Amino acid sequence: MRHFVSFAALASTFVVSFASAADSPDPLTRPLPGRPEWTRAYAPIRIYGNTYYVGSEGISALLVDTGAGLVLLDVGMPQFAPQVEANIGKLGFKLADVKYVLNSHAHVDHAGGIAAIVRDSGATAIASPSGTKALREGHVVADDPQAAEVANAVFPAAARVREVADGEAVRLGNTAITAHFTPGHTPGSTTWTWESCENGKCLNIVYSDSLTAISSDGFHFLADATHGDLSASFRKSIHTVATLPCDILVSTHPDASGADARLVKLATQREPNPMVDAQACSRFAAEYEKMLDARIAKEKAAQGKKS
Ligand SMILES: [Zn+2]
């Protein structure tokens, strides 16, 4: 009987904790809708040197061990933040050592979990001025191409966020992580670069933001009544990514640049390191410039019909 009672107690504890996870009374990790792979668990893995992958199957989160604290780049969905925290622990690191959380762009699938990590670790989030506004407000900025997608517009607001300038490096320990503003997918989009070394060999790591020219209905990348031409700065961003020193590319959605396949290979092969691909940035940029070209051609055709 005693055993039965303690088992029942155990079972009810389990049920309660399971139910509370599902209901998520924590407002910062409450599940928001998204694609299944965005929250599918993925084994954390060392990419190269002091750079690790701690994200989900479909959304990147990178961890850099600077020797004097950790830097996290993106988190993913709000409900995936506890998984990122667990992944940091699985690699043998302490969550409290995360000093900065750098953001690529302030959409729920990359920035939704930042508020929880900032609270749980004591870290400060860092983003472009436009990204900072969105992270502080927990809402995409009004001039975001997807601002009208109400379902994705809102996410938990982060308590500590500071701005970075274009070209500025965030320095911690032995690492300097440089912000390159790459507006287009969002007005505050930022690509981050740093050097990681392994056995005395240092490589250029690029964490590229999304270069996807997509928007809500009615938004134009070409000039319209509400804003000037955004296509030229978008194209400049694509060229920035194409010409960065780039040995290893990870994109915000790993499958957007083939980083998903490279990561899978890395799990079984360290030498030669399958993440190393000096052409990855230029290939990625070329692919998304074609998408931008097609989008602009479509907008021009629609304008032609109206006039
Ligand atoms: Zn996005």
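Of all the numbered requirements in (1) at pLDDT 95 or above; (2) within 16 Å of the ligand (Cβ to nearest atom), Glu149 misses one, and that requirement is (1).
Could you tell me whether any residue of the stretch 292-301 is touching a His at 6+ places or on another chain (Cβ under 8 Å), among the aliphatic types (A, V, I, L, M) and modelled with pLDDT of 95 or more? No, that holds for no residue.
The set of residues in the stretch 77-106 being closer than 12 Å to Arg119 by Cβ, surrounded by 23 or more Cβ atoms within 10 Å (Cβ to Cβ) and either touching a strand residue (DSSP E or B) at 6+ places or on another chain (Cβ under 9 Å) or of a type in the set (Ser, Thr, Tyr) (or both) consists of Val98, Val101. Scanning the stretch 81-120 for residues that are away from the ligand (no atom under 16 Å from the Cβ) and part of a loop (DSSP other than H, G, I, E, B) turns up Leu91, Gly92, Phe93, Lys94.
For the stretch 89-102, check the following and say yes or no: at least one residue is in contact with a His (Cβ under 6 Å, 6 or more places away or on another chain), within 18 Å of Ala158 (Cβ to Cβ) and not hydrophobic (A, V, I, L, M, F, W, C). Scanning the stretch 89-102 turns up no residue that is in contact with a His (Cβ under 6 Å, 6 or more places away or on another chain), within 18 Å of Ala158 (Cβ to Cβ) and not hydrophobic (A, V, I, L, M, F, W, C). The set of residues in the stretch 184-220 that are of a type in the set (Val, Ile, Thr) and more than 16 Å from the ligand (Cβ to nearest atom) comprises Thr193, Ile205, Val206.
Within the stretch 222-258, being more than 30 Å from Thr51 (Cβ to Cβ), part of a helix (DSSP H, G or I) and of a type in the set (S, T, N, Q) holds for one residue alone: Ser231.
Of the residues making up the stretch 107-120, those that are among the aliphatic types (A, V, I, L, M) and crowded, with 24+ Cβ neighbours inside 10 Å are Ala111, Ile114, Ala115, Ala116, Ile117, Val118. Annotation for the stretch 121-129: no member residue is part of a loop (DSSP other than H, G, I, E, B), without any contact (Cβ under 8 Å) to a residue 12 or more places away in the chain, surrounded by fewer than 16 Cβ atoms within 10 Å (Cβ to Cβ) and away from the ligand (no atom under 14 Å from the Cβ).
When restricted to residues that are buried (at least 19 other Cβ atoms within 10 Å of the Cβ) and either away from the ligand (no atom under 16 Å from the Cβ) or closer than 23 Å to Ala223 by Cβ (or both), the stretch 137-146 contains 3.
Restricted to the stretch 180-210, and to residues there that are within 16 Å of the chain's Cα centre (by Cα) and without any contact (Cβ under 8 Å) to a residue 60 or more places away in the chain, the residue that is nearest to Cys246 (Cα to Cα) is Thr193.
The values are calculated or read from the model by the stated rules, or taken from the named source; none is laboratory data. This is a predicted model, so every value here is computed, not measured. For neighbour counting, all protein chains shown are included, and Cβ atoms are generated from backbone atoms with ideal geometry for every residue, glycine included.
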